[in-house]
Amino acid sequence: MQKDWGFYGRNQELAEIERIISSGRWFFCSISGRRRIGKTTLIRRALQNNSKIREFYFQVPDSDERGVVQAFQEAGEDCGVDTPTAQTIRTFGDMANAIEGLCKVGMIVIIDEFQYFHRKALSEFTSHLQTQVDSLRNTKKGGLFVLGSIHTEMTAILEDQASPLFNRITDRIELDHWDFETLFEMFDEHDVDDPEHMLFLWAIFEGVPKFYRDSFDQGVLSLRDDYRQSTLQRLFFEGSSPLRDEATNWFLRELRGRYDSLLKILANSGPCSLSELKAEYSRAGSGGEAQLGGYLATLIDRYRMVEKLQPVFAGSHARKARYAITDNFLSAWLRGIARNVQMARVQPLDKPLARADSMLAVHEGYTFEKMVRQLTEETSRKGVGDFALTDFVHGYWNKPDGSDIEIDLVAVNEDDEIIRFGSCKRNPQSHGGDELDKFDGHIERFLTTKEGRRFTGWTVERVLYAPVFETKQKKQLNGQGYHCLEIEDFRNVLYSRHST
């Protein structure tokens, strides 16, 4: 029997919204987060618990003033709002007046895709809204939620001192990915119990609720056999696949055709240094290297599509940085899915499907390291793990290309003077022979460096990570002085219902 899709996690955010709407005062709350993270669903979930609240939902189109005003008129008709008729709303000033009127009669107004008002053609609206916000600040009815998915544009509208709406926000919520506790709850409810299946899903969808809901709706979330290619086919390769154009429509469209080659290099190479990026970038033609730094800065600061990684103990300006795509979905799309979706138009489906599956297996190797670091931090933060961190988890390399010392995970417990070194392998059989010798050699060389000598006399832990280990291998590695951790170990401590 098909199970229902539930609402998972977000208890802290729900409680915060409940507090805001029950405060007895008018509010102006910003909710930001990546696309598909569940901002609108969260608001609706919070409001449906209070039957007395009436809401007005309006999604801003990527258009001009005429298109935005028309969309607002249609939203009023769809909501059955009894305010000045839609026919009288012709300008941004009329829209702002209507929003004030809705709030004064106790309605909660929700404006989605609010970041579009940062664009020059639409920015006039914020001046009109400022006037109405100022008149509503000391009232006791209604409220305004503004939802946005591009952090820097939301920040520019609401926090830049030159913006008309500067210092007007009363509350702000930043919505992040599902944490692993929530993810394991959802997996348990839908019978996803194979650790390799969990890694496959997380490596593409990370903690984005909408993507897992799409998997559920397409009937592939709970598959036992052939889940890899079946999931890819149903979600990406068929004409009706819900995620077939997701990256193009919601990620790459924001770039308006720029930065594609840089993102593809990062997707294909994994975390890489600036010199490696320049070398790869120059292969596509000369003259673009000078703009590379600017492109990176925009992708990091404005769109948050790329992150700058530094080795543990390195300062923010150290010349050892590596760059990586922040979002698993975008990285998976650019590395293995997009090109094969295109090839499926001219080749039998089984060939591009198999190629995409193979490419994503390499992608999973990079994302497994990221997964382990985040799991280590979450278990420590919640006080349920086997290692109490006193700092964030990082990797370590002493040269940008990792040619001398390369350690996947370094975790520090200053209080108990314990340092943990970790090696992450998607294939557990890779933890053996020369790889173990290499791992030990990197640790020993690290402990002789300037950064490493401070840990003289500390307890040193050598930990091997894999999605799952065979019992015999795990016992053998434990006998050699290594501690083995797999996804199930984290699941057992984070999701108590599963472990009890």
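The values are calculated or read from the model by the stated rules, or taken from the named source; none is laboratory data. Since this is a predicted model, take the numbers as computed values, not measurements. Cβ atoms come from the backbone with ideal geometry, glycine included; neighbour counts cover every protein chain shown. Just so you know, the surface numbers come from the protein's heavy atoms only, side chains and all, with ligands and any DNA or RNA stripped out. Shrake-Rupley method; radii C 1.70, N 1.55, O 1.52, S 1.80 Å.
Positive contributions from Lys and Arg (+1) and negative ones from Asp and Glu (-1), summed over other residues with Cβ under 14 Å from the Cβ of K141, come out at +4. Ranking S380, G67, M359 by Cα position along the charge dipole of the chain, where only Lys, Arg, Asp and Glu carry charges on their C-beta atoms, puts G67 farthest toward the positive end.
For region 339-449, the relative contact order is 18 percent, taking Cα pairs closer than 8 Å that sit 6 or more residues apart in sequence and dividing their mean separation by the residue count. Among the listed pairs K52/K104; K52/K141; K438/K475; K425/K474; K308/K382, a Cα-Cα separation exceeding 18 Å is found for K438/K475; K308/K382. Counting only DSSP H runs of at least 4 residues, each contributing -39500 (n - 2.57), and dividing by the residue count of the chain, the helix-based mean residue ellipticity at 222 nm comes to -12500 deg cm²/dmol.
Taking all protein chains together, R283, R304, R322 sort by accessible area into R283, R304, R322, largest first [probe 1.4 Å]. The radius of gyration of the Cα set in region 1-150, together with its Dmax, comes out at 15.6, 54 angstrom.
Each of the peptides 344-351, 331-338, 393-400 was scored by the mean count of other Cβ atoms within 10 Å over its residues; in descending order, highest first, they stand as 331-338, 393-400, 344-351. Rounded if a/c is under 1.5, else prolate if a/b is larger than b/c, else oblate: which is region 61-219, with a ≥ b ≥ c the root eigenvalues of its Cα gyration tensor? Note, shape of region 61-219 comes out prolate. What is the sum of charges, Lys and Arg at +1 and Asp and Glu at -1, for the other residues whose Cβ falls under 13 Å from the Cβ of S32? Local net charge: -3.
Across all Cα atoms of region 131-201, the radius of gyration (one decimal) and Dmax (whole number) stand at 19.7, 56 Å. Evaluated over the Cα positions of the chain, the convex hull gives a direction-averaged projected area, one quarter of its surface, of 27.6 nm². Looking at region 341-408, the accessible area is 47 square angstrom per residue; that uses a 1.4 Å probe and ignores ligands, DNA and RNA. Region 130-267: percent of C-alpha pairs farther apart than 19 Å? Of all Cα-Cα distances in region 130-267, 65 percent exceed 19 Å. Here's the picture: charge each Lys and Arg Cβ at +1 and each Asp and Glu Cβ at -1 in the chain, and of G219, H190, N167 the one pushed furthest to the positive end of that dipole is N167.
Sorting 216-228, 354-366 by their mean Cβ neighbour count within 10 Å, with the most densely packed peptide first, gives 354-366, 216-228.
In the chain, Cα pairs under 8 Å separated by at least six residues give a relative contact order of 12 percent.
Let me check I've understood the local charge: for F446, count other residues with C-beta under 13 angstrom from its C-beta, Lys and Arg +1, Asp and Glu -1. What total comes out?
In short, +2.
For region 311-398, compute the orientation-averaged projected area of the C-alpha convex hull (one quarter of its surface), in nm².
Mean projected area for region 311-398: 7.9 nm², to one decimal.
Around the Cα centre of region 46-176, unit charges on the Cβ atoms of Lys, Arg, Asp and Glu (plus for the first two, minus for the last two) sum to a dipole of about 540 debye. A crude spin-label estimate for the pair S51 and T131, with each label 7 Å from Cα along the Cβ direction, gives 4.0 nm. Which part of region 11-43 falls in the paramagnetic zone of K382, meaning amide N under 15 Å from the point 7 Å along Cα-to-beta-carbon? Those under the cut-off are 11-13.
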